[in-house]
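First the structure, in the form of structure tokens, and then the observations on it.
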Amino acid sequence: MPELPDLTVVAEQLAARAAGKTIAEATAPTPILLRATPAELAGLAGLTVGSAGHRGKFLLLPFERDGQTVRLLAANPMLAGRIWLIDDSRERVRARTGLRLRFTQGGELRYVDREMLGKLYVVAPDQLDGIPSWSEMGPDADDPALTLEVFRQRIRRHPGELKPLLRNNRFVAGIGNAYSDEILWAAKLAPFRKRSTLRPEEIDRLYEAMRSVLYDATERLRELVPPHIETQHREFLKVHLRGGQPCPRCGRELRQIGGEEATTFCRTCQPPF
Ligand SMILES: [Zn+2]
């Protein structure tokens with residue numbers, strides 16, 4: 001599942017490589033992934049791609065006319081949605097391609113979703129709040145406005161265990177299953193700890209770990225991802241899905257529970273109290 005560092009780097013790549021291109025034709029080979037009418041989709045033709053960004057787990061791609069953003073693509077890739085930049089439009093169209101944006105300058109952008117769980121919205125810039133759960137999103141986990149003081153305030157309102165707390169986009173947006181494991185390991189906090197048991201210094205440690213893990217991952221991904229923005233890189237993660245391997249800090253065996261949505265942690269470094 002693309003999380004904040006992945007989306008940051010994909011957005012940067014799109015801003016560098018797709019911005020300024022004009023849409024010749026927009027089509028939806030697998031239309032079920034797209035929340036837009038055929039007329040809204042056809043209306044993208046003639047618009048120019050603006051500078052991509054992200055918000056929480058959404059990738060945002062603006063479309064401009066005369067320098068003004070008139071439409072936005074908000075893509076929530078969920079588990080397996082991927083954005084491709086294709087140089088040659090004659091390249092075979094993969095199964096489960098939810099969107100093709102063919103450019104007048106050649107090449108195209110495609111959204112492919114193996115699991116068909118993602119969603120694509122095409123909206124006017126003032127309609128983002130109409131996207132389900134959009135208006136409830138907390139600040140992005142890497143937002144400069146989310147200072148330690150703001151984090152301390154916000155976390156008081158959210159009870160429950162730490163792993164679901166970090167993944168709760170109402171608390172902070174953009175963290176999923178992989179980076180929540182990485183952050184909790186870095187903070188030396190057990191994933192099952194209850195927020196209410198955290199001492200003030202542990203809350204501060206959680207904040208520092210969240211920021212540094214996301215920052216370091218983004219830096220690493222800037223080296224690894226280009227030019228293949230459709231490829232997700234997780235090989236540099238320290239603990240997530242490394243159950244049974246030695247903890248990089250203490251050398252004890254990492255524990256892993258759960259199946260597809262696994263949680264990996266170190267019982268020694270992340271004590272349950
Ligand atoms: Zn350890």
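Only the coordinates and a few stated rules stand behind these numbers; no lab work does. These figures come from a predicted structure and were not determined experimentally. In this analysis, Cβ positions are derived from the backbone assuming ideal geometry, glycine residues included, and neighbour counts consider all displayed protein chains.
Table for the structure above
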{"quantity": "Qualifying trypsin sites (Lys or Arg not before Pro) in segment 70-150, DSSP loop, other Cβ atoms within 10 Å at most 10", "calculated": "R90, R92"}
{"quantity": "For segment 167-183, 3J(HN,Hα) per residue [Karplus equation, 6.51 cos²θ - 1.76 cosθ + 1.60, θ = phi - 60°, Hz, x = Gly/Pro]", "calculated": "8, 7, 5, 6, 7, 9, 9, x, 9, x, 5, 6, 6, 5, 4, 5, 5"}
{"quantity": "Selection from L254, A74, Q232, by position along the positive dipole direction of the chain (Cβ)", "calculated": "L254"}
{"quantity": "Proximal charge balance of T218 [Cβ under 10 Å; K/R count +1, D/E count -1]", "calculated": "-3"}
{"quantity": "Relative contact order (%) - segment 148-265, alpha-carbon pairs under 8 angstrom, separation at least six", "calculated": "23 percent"}
{"quantity": "Relative contact order (%) - the chain, alpha-carbon pairs under 8 angstrom, separation at least six", "calculated": "18 percent"}
{"quantity": "Rough spin-label spacing in nm, given labels placed 7 Å along Cα→Cβ, for M116 and L128", "calculated": "3.0 nm"}
{"quantity": "Residue order, fewest to most surrounding Cβ atoms within 10 angstrom, among D129, D6, D66", "calculated": "D66, D129, D6"}
{"quantity": "Check: segment 168-254 dipole with +1 on Lys, Arg Cβ and -1 on Asp, Glu Cβ, in debye", "calculated": "380 debye"}
{"quantity": "About the Cα centre, charge dipole magnitude for segment 4-130 (Lys/Arg +1, Asp/Glu -1 at Cβ), debye", "calculated": "360 debye"}
{"quantity": "Amide H within-cut-off set for E253, under 5 Å, with H built and near neighbours excluded", "calculated": "C247"}
{"quantity": "Test item: Cα-centred dipole of the chain, Lys/Arg +1 and Asp/Glu -1 on Cβ, debye", "calculated": "800 debye"}
{"quantity": "Value of [θ]222 nm, deg cm²/dmol, for the chain, DSSP H segments ≥ 4, -39500 (n - 2.57) each, nearest 500", "calculated": "-7500 deg cm²/dmol"}
{"quantity": "Segment 4-130, relative contact order [Cα under 8 Å, separation at least 6], %", "calculated": "29 percent"}
{"quantity": "L117 long-range amide H proximity, modeled H, under 5 Å", "calculated": "L79, A80"}
